[in-house]
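First the structure, in the form of structure tokens, and then the observations on it.
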Amino acid sequence: MTMQFAKDAPIPNPGVMDIAAYVPGKESAPGVAKVYKLSSNETPLGPSPKVREALENVLQHLEIYPDGSATKLRDAIAEVHGLNPANILCSNGSDELLGLLCQTYLGAGDEGIFTEHGFLVYKIQIMAAGATPVIAPETGLKADVDAILERVTERTKIVFLANPNNPTGTYMPADEVRRLHAGLPPHVVLVLDAAYAEYVRRNDYESGIELVSANRNVVMTRTFSKIYGLAALRIGWMYAPAAIVDAVNRVRGPFNVNAAAIAAGAAAIRDRALVDRAIAHNDEWLRRVSDALTELGLEVTPSVGNFVLIHFPKDGPHTAEAADAYLTARGYILRRVAGYGLPDALRMTIGSAEANEGVLNALKEFLR
């Protein structure tokens, strides 16, 4: 008997093919001997030396499944931040958490809100869950509480706020975050993406720990990919109310964090000396790079992260596209951010002294 099928090929679910796939920053510059990658906000200091020992121990037992609850990593995070480990859930990068939260709380007919220049993964995961993405305009490249609240409807289930925001480097002060939360219905989950929190040196900033602790509908996500230098191992975590942790635990993979990541993350987060060095390096070079770019006549959005957003003329010989080509040809890879609605800007990671000075010198020549 011949099987009959209504379609001649598998068809993705509705909406899947409408998703614009995420495009990472460039990694190579063909024909260039030495490349300085400043496109992905990676730390120039690398990971803690304590990570190597932790990984060597893991290598002795690769035949064993990892701890499905990532207990050692959760305990280390809880110890450093003074949290209850029961309210911590670890993940394969914080990107996975964004997807799991959407999978848990969004469905067809629901809406998820994010801001105009927010992280592109928010839109991807909202659409992947079958929900509708809603964009709230920003004011001066900063998230606007009133614009977000104006877009909340009975269909809204999640609001994503990157704080600080990538790629702008701007942040929302703690009192404004609290005002945003106070204006949301209790069934809406406010997700505070604090991937760059460790770099912020502002007295009016909070990563979200206090707000999570006092409420039932706030989640804070964090990453080991930035200041801890473990991007290759993909480690993220969230701090959330017990009910949200319980719900997300039901949909995540049983071994979503591998053994190397668990061991490395636990070692890295306890190395305060590394974090202090990274903060000091970033504080110095964020200021120096921003000042030097301004002196060259370029507009720089004030940043509290480990990167700067550099604005170029819309036309003429010194556009962002021309600058990107000029820098790439000399081995300096920055990030085009046209996909974020910023076609006339480049995002530059604060790299090593050599890389930072090289970019500044190259741009000085380019602008001549």
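The values are calculated or read from the model by the stated rules, or taken from the named source; none is laboratory data. Nothing here was measured: the structure is a model prediction, and the numbers come from that model. All Cβ positions, even for glycine, are placed from backbone atoms using ideal geometry, and neighbour counts span all protein chains on display. Only protein heavy atoms, including side chains, enter the accessible area calculation; ligands, DNA and RNA are left aside. Shrake-Rupley method; radii C 1.70, N 1.55, O 1.52, S 1.80 Å.
General observations
- Asp146 vs. criteria without any contact (Cβ under 8 Å) to a residue 40 or more places away in the chain, open to solvent by 60 Å² or more (accessible area, probe 1.4 Å), more than 18 Å from Ser94 (Cβ to Cβ) and assigned to a helix (DSSP H, G or I): yes
- When Pro302 is tested against the conditions (1) of a type outside the set (S, T, N, Q); (2) within 20 Å of the chain's Cα centre (by Cα); (3) surrounded by 15 or more Cβ atoms within 10 Å (Cβ to Cβ), the lone failure is (3).
- Within region 312-361, the set of residues being small (Gly, Ala, Ser), under 10 Å from Tyr36 (Cβ atoms) and either open to solvent by 60 Å² or more (accessible area, probe 1.4 Å) or part of a loop (DSSP other than H, G, I, E, B) (or both) comprises Gly331, Gly351, Ser352.
- Qualifying residues in region 255-283 (those that are of a type outside the set (Lys, Arg), open to solvent by 30 Å² or more (accessible area, probe 1.4 Å) and part of a loop (DSSP other than H, G, I, E, B)) - the one farthest from Gly93 (Cα to Cα): Phe255
- Failed condition for Ala86, given (1) in contact with a helix residue (DSSP H, G or I) (Cβ under 9 Å, 6 or more places away or on another chain); (2) under 22 Å from Asn166 (Cβ atoms): (2)
- Consider region 1-22 and keep the residues that are surrounded by 12 or more Cβ atoms within 10 Å (Cβ to Cβ) and under 30 Å from Gly169 (Cα atoms). The one that is modelled with the highest pLDDT is Ile19.
- Scanning region 324-368 for residues that are within 25 Å of the chain's Cα centre (by Cα) and of a type in the set (A, V, I, L, M) yields a count of 13.
One line per residue, one yes/no per condition, for (1) over 30 Å from Leu327 (Cβ atoms); (2) touching a Gly at 6+ places or on another chain (Cβ under 7 Å); (3) without any contact (Cβ under 8 Å) to a residue 40 or more places away in the chain:
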residue	(1), (2), (3)
Lys26	no, no, no
Pro30	no, no, yes
Val35	no, yes, no
Ser40	no, yes, no
Leu45	no, yes, no
Lys50	yes, no, no
Asn57	yes, no, no
Tyr65	yes, no, no
Ala70	yes, no, no
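- Number of the exception - Ala162 against (1) in contact (Cβ under 8 Å) with a residue 12 or more places away in the chain; (2) small (Gly, Ala, Ser); (3) surrounded by fewer than 24 Cβ atoms within 10 Å (Cβ to Cβ): (3)
- Cβ-Cβ contacts under 6 Å between residues 6 or more apart (or on different chains), taken from a first residue in region 300-317 that is in contact (Cβ under 8 Å) with a residue 60 or more places away in the chain to a second residue that is polar (S, T, N, Q), are listed as Thr301/Thr168; Asn306/Asn41; Asn306/Asn282; Phe307/Asn41; Phe307/Thr349; Val308/Ser290; Leu309/Thr168; Leu309/Thr301.
- Val308 vs. criteria crowded, with 17+ Cβ neighbours inside 10 Å and part of a helix (DSSP H, G or I): no
- Residues located in region 46-90, provided they are of a type in the set (Asp, Glu) and under 20 Å from Leu274 (Cβ atoms): Glu53, Glu56, Asp75, Glu79
- Against the test of being at pLDDT 95 or above and open to solvent by 30 Å² or more (accessible area, probe 1.4 Å), the options Ser91, Ser69 yield a single qualifying residue, Ser69.
- Output for region 100-128, where each listed residue is crowded, with 21+ Cβ neighbours inside 10 Å and small (Gly, Ala, Ser): Gly112, Gly118
- Each residue in region 215-254 was checked for being closer than 29 Å to Glu42 by Cα, touching a helix residue (DSSP H, G or I) at 6+ places or on another chain (Cβ under 8 Å), open to solvent by 20 Å² or more (accessible area, probe 1.4 Å) and assigned to a helix (DSSP H, G or I), and 1 pass.
- Test for Gly25: is it closer than 24 Å to Leu233 by Cα, open to solvent by less than 70 Å² (accessible area, probe 1.4 Å) and modelled with pLDDT under 95: yes
- If the condition is being in a loop (DSSP other than H, G, I, E, B), of a type outside the set (Phe, Trp, Tyr) and under 19 Å from Thr221 (Cβ atoms), then region 174-205 contributes Leu184, Val188, Ala194, Ala195, Val200.
- Here region 129-143 is the region considered, the condition is being over 20 Å from the mean Cα position of the chain (by Cα) and open to solvent by less than 50 Å² (accessible area, probe 1.4 Å), and the residue that is farthest from Pro14 (Cα to Cα) is Ala131.
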